[in-house]
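First the structure, in the form of structure tokens, and then the observations on it.
The values are calculated or read from the model by the stated rules, or taken from the named source; none is laboratory data. What you see is a predicted model, and the numbers here were worked out from it, not measured in a lab. As a convention, Cβ positions derive from the backbone with ideal geometry for all residues, glycine included, and neighbour counts pool all protein chains shown.
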Amino acid sequence: MAPPKKDTEALTLRLPREIIEAIDDQRREEKDLPTRPEMIRRALVEWLAGRGVQV
């Protein structure tokens, strides 16, 4: 695994088991089976885009 980009920051997040299971279910629908962190990144980017925020 490559080292993280220098313009990133680690974030620790506790989630209820139900949310983790829902994330895992959505991951399995993706062609490339992203990791949990990648799936959360994708969901956040999509959520922000829906609010007109470009990242």
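Quick notes
- Any hit, segment 19-26, residues being of a type in the set (Gly, Ala, Ser) and surrounded by 11 or more Cβ atoms within 10 Å (Cβ to Cβ): yes
- Some residue of segment 40-53 being of a type in the set (A, V, I, L, M, F, W, C), assigned to a loop (DSSP other than H, G, I, E, B), modelled with pLDDT under 95 and on the phi < 0 side of the Ramachandran plot: no
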